[in-house]
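What follows is a single structure, written as structure tokens, with notes after it.
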Amino acid sequence: WTQNADSSIKYYSGTAIYTNKFSIGKLYKNAKITIGFYGPIYNIATIRINGIDCGTLWTQPYSVDISNAVKRGKNLIEIEVTNTWHNRLIGDSLLPKEQRITWTTAPYRLKDKPLEPAGLLGKFIIITKR
């Protein structure tokens, strides 16, 4: 998100939902199906398959069992990613006080601090083990 030219995305702090579809041709009885992320998640992600909560990830290994949620044919994946408010506070520090969205009672020393990575970086793979 931090590389986006739009400041409302670049300095965004909150939750975004990534969605996609995938197909499963054949399901084997008692197979374990996991999704593994190859790249970091900033900072926490909840994985839903076909509307079923499969778990929340915030540390490595970024992997979760989705066996009970997948079905033969088309499946919907939703990855709800939430980052910290670090970037929003940096963005607000660049604005006049009357235009700021956030505030804190403890001064947050952000002068010359870089933005932190945000969002889902990298790819994921679905793994089936029989």
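For the reader, a short list of remarks on this structure follows.
- Protein-only accessible surface at a 1.4 angstrom probe places the residues ARG72, ARG130, ARG88 in the order ARG130, ARG72, ARG88, largest first.
- Highest GNM mean-square fluctuation among ILE44, ILE33, ILE24, for the chain modelled with Cα contacts below 10 Å: ILE24.
- Solvent exposure of the stretch 23-130 as accessible area per residue, Å², 1.4 Å probe: 66 Å²
- Estimated D of the chain in µm² per second, where Rh is the Kirkwood radius over Cα pairs and Stokes-Einstein applies at 10 °C, 1.306 mPa s: 96 µm²/s
- Computed over protein heavy atoms with a 1.4 Å probe, the carbon and sulfur contribution to the accessible area of the stretch 21-61 reaches 52%.
- Checking every one of the chymotrypsin sites (Phe, Trp or Tyr not before Pro) in the stretch 1-100 against DSSP loop status and a limit of 13 other Cβ atoms within 10 Å picks out TYR28, TRP58.
- Based on Cα contacts under 8 Å between residues 6+ apart, the chain shows a relative contact order of 38 percent.
- Among PRO117, PRO61, PRO40: highest mean-square fluctuation, GNM of the chain, C-alpha pairs under 10 Å: PRO61
- Most mobile listed residue (SER23, SER13, SER93) in the chain, GNM with C-alpha springs under 10 Å: SER23
The values are calculated or read from the model by the stated rules, or taken from the named source; none is laboratory data. Here the structure is a predicted model, which means the values were calculated and not measured. Reconstructed Cβ throughout: ideal geometry from the backbone, glycine too, with neighbour counts over all protein chains shown. Ligands, DNA and RNA are excluded from the accessible area calculation, which covers all protein heavy atoms including side chains. Shrake-Rupley method; radii C 1.70, N 1.55, O 1.52, S 1.80 Å.
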